[in-house]
Amino acid sequence: GLGRLRGPRASINFVTAHDGFTLADLTAYDRKHNTANLENNRDGSDDNRSWNHGVEGTLASNGTHPGADTPYAILSDMTIADLRARSQRNILATMFVSSGTPMLTGGDEFGRTQYGNNNAYCQDDPISWVDWELAESQHAQIDAVSWLIALRKAHPVLRPDRFATGTPRNGDTIADLSWYTAQGTPMPDYGWTDWHHRTFQMLRSGVTWGDRDALIIINANLDSAEVTLPAGHDLDWLVAYSTVWATPAEGGVGSTLDPAELSLEVEHVSPRSTLTIEPLSVTILLSDVAFQPES
């Protein structure tokens, strides 16, 4: 039927919507706080898939993590507010490099909160209002979202309009989409269900779209990971974005740089090299040039 002709763009990718937590609250609350709705906190979903990063709510978010005395350096080196901000950038980055049409709830681009209320339709007060007096950290998140959108618009490899096959296409020498372990080896089947595998790489060939290749590295561990890049087309890589950066400017990218023409100012990485990837982070790399298959 006609359904077979619909590509990835027919699906909508989103993490939050008008119902449920906002993106900021998804990283600040483990449970809903709907008492203001006068239904004894019974309304709204209890299945929020959220993580408060150790402290419930926004008021204590400038403090250190209660697990700061654990072996995990990230918990002692970063404030809860910074951890939450990085988690928001992680979520945004994965959404903007995914196949399909992204949907961003208004206010998530700068971390709007509803103070843990996940069913605020009945509120006409600061719980549901948009506060346009933005803090510096909120402006930083706008910069991150703007850069991710600009990257996606400039590079079709980050917004594929065809489903991947896992095999080479159009004379390519590598698969259109492939997954790798932190060691740079193909992801084994058991790797998807083994909780030890929390660092992995996605390589998307740009040949189908005449674009650069894209390599997405996700480290969901609380420790740094040594990641060996896959061979791919044996091209140099450019670090186009990292959620470690509080703002894209920290990586030499952002509004002053054309995402279609990444300059020499961007960090270059040799193929097959090993990188230290910080914990709880997403890294987006693009090849320095587009691979040209032999005709």
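The values are calculated or read from the model by the stated rules, or taken from the named source; none is laboratory data. Just so we're clear, the structure is a prediction, and the values are computed from it rather than from any experiment. Counting neighbours? That spans all protein chains shown, and the Cβs are built from the backbone with ideal geometry, glycine included.
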* Structure fact -> Of the conditions (1) closer than 29 Å to Arg86 by Cα; (2) modelled with pLDDT of 95 or more; (3) not hydrophobic (A, V, I, L, M, F, W, C), the single one that Asn37 does not satisfy is (1)
* What single numbered condition from (1) touching a strand residue (DSSP E or B) at 6+ places or on another chain (Cβ under 7 Å); (2) at negative phi fails to hold for Gly100? -> (2)
* Asked: Which of the residues belonging to region 155-205 are of a type in the set (S, T, N, Q) and either assigned by TED's automatic domain parsing to the domain that holds Met95 or within 15 Å of Arg272 (Cα to Cα) (or both)?
  -> Thr181, Gln183, Thr185, Gln201
* Is region 72-85 home to any residue that is of a type in the set (D, E, K, R) and within 18 Å of the chain's Cα centre (by Cα)? -> yes
* Asked: Are any residues in region 120-134 within 25 Å of the chain's Cα centre (by Cα) and surrounded by 12 or more Cβ atoms within 10 Å (Cβ to Cβ), and if so, which ones?
  -> Asp131, Leu134
